[in-house]
Amino acid sequence: MRPLKMSEVPSSTASKLDGLANPFIRKWLGLPRCLSDVGLFGRNTLQLPLHSISLGYKQEKARMVLELRESSDHLVRATGTQVRTGRRWKAEEEVDQAIARLKHREVVGRVQVGRAGLGRSETPLFWSKASKRERKAMVVTEVARSEQERYTIKAIPQARISFLIRATYNTLPCPQNLHLWFGTEEICPLCNTINASLQHILSGCKTALSQGRYRWRHDAVLKKLAEVAESCRREANSRPAAPARHTTQFARAGENINAPAHQTWEGSSHPAVSGT
């Protein structure tokens, strides 16, 4: 990636290089041509140890921006050299956005990620406490994270994105909107509410609430967990009871405890019997 870093190559050229290299990667892995770059470079369920050329290009340009800004030579810092990357993607703006996100993350503080409890994850490194080298690594990692977000957005089906956006701005064809648009009278098929709104259909129908329709998936997961816990309980109760362990009696100061009878040994070779 160093030739791309040192030369004034626009980001569109790096994207073209990706377009030339990806078919050969698919052919080498035996993958169909319809597989997008999300399956090759995205950090999803199946993470391949591959990195796109455009991602490496952006990371190197971000490093170059930080090297020029935070150079130890004051003359280099005073020149204000701009890293030219074309019109589609600008390295200075990307670095500024990454630094802003890192500072905002420090304001938010340490938050819980995943299903583990508090304190189970590693302590994050914040921007104000990082050294110059650590800040450079943090910015490069943030640039790569923003690129992975693009892959994640591309992996979402178009129908789901359309539903989320239309549900947010109340443009789904619910009975209330159909009455507003076409003048038709529609009712809720469960509770017979006339011209039900979007909020009524998604989370406010009394019949659906009483029948548990909204929490069906959650209850199905809890039911499976309860079955597993019940099977473990029955298995534990069916095991034979463990034999009672011999307890050791401790004598307090000035207290006498009757010692148990000595065990008899067969033969006279044992020291307790032979007296030797």
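Rule-based calculations on the coordinates, nothing more; no lab input. Small disclaimer: the values here were computed from a predicted structure and weren't measured. Glycine also receives a Cβ, built like all others from the backbone with ideal geometry; neighbour counts cover every protein chain displayed.
See the values below:
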item: Under Karplus coefficients 6.51, -1.76 and 1.60, residue-wise ³J(HN,Hα) of region 106-114 in Hz, glycine/proline x; result: 5, 5, 5, x, 7, 10, 7, 10, x
item: Percentage, to the nearest whole number, of Cα pairs in region 105-219 over 22 Å apart; result: 62 percent
item: Förster radius 45 Å - calculated FRET efficiency between residue 178 and residue 116 (Cβ-Cβ, nearest 0.05); result: 0.45
item: Over the chain: Kirkwood hydrodynamic radius from C-alpha pairwise inverse distances, Å; result: 27.3 Å
item: Estimated distance in nm for a label pair at residue 51 and residue 228, the labels positioned 7 Å out from Cα along Cα-to-Cβ; result: 3.6 nm
item: Estimated vicinal HN-Hα couplings, Hz - region 197-210 in sequence order (Karplus 6.51, -1.76, 1.60; Gly, Pro = x); result: 7, 5, 4, 5, 6, 6, 8, x, 6, 5, 5, 5, 5, 5
item: Taking 110, 87, 115 and counting other C-beta atoms within 10 Å, the order from fewest to most; result: 115, 87, 110
item: Relative contact order of the chain, defined on C-alpha pairs under 8 angstrom at six or more residues apart (%); result: 13 percent
item: Once the Cα gyration tensor of region 16-135 is diagonalised, semi-axes √(5λ) in Å; result: 31, 26, 11
item: D_trans [Stokes-Einstein, Kirkwood Rh over alpha-carbon pairs] for region 163-236, 10 °C, 1.306 mPa s, µm² s⁻¹; result: 108 µm²/s
item: Per-residue HN-Hα couplings for region 84-98 [Karplus 6.51, -1.76, 1.60; θ = phi - 60°; Hz; x = Gly/Pro]; result: 8, 10, x, 9, 6, 9, 10, 5, 4, 5, 5, 5, 4, 5, 5
item: Length-normalised contact order of region 134-258 in % [C-alpha pairs under 8 Å, at least 6 apart]; result: 11 percent
item: Helix axis angle, 53-69 relative to the chain longest principal axis, alpha carbon, degrees; result: 90 degrees
item: Entries of 61/136; 61/129; 61/90; 27/61; 16/58; 5/136 with Cα pairs more than 18 Å apart; result: 61/129; 27/61
item: GNM flexibility winner over the chain from 129, 154, 58 (Cα, springs under 10 Å); result: 129
item: Region 1-155 - percent relative contact order, Cα under 8 Å, separation 6 or more; result: 29 percent
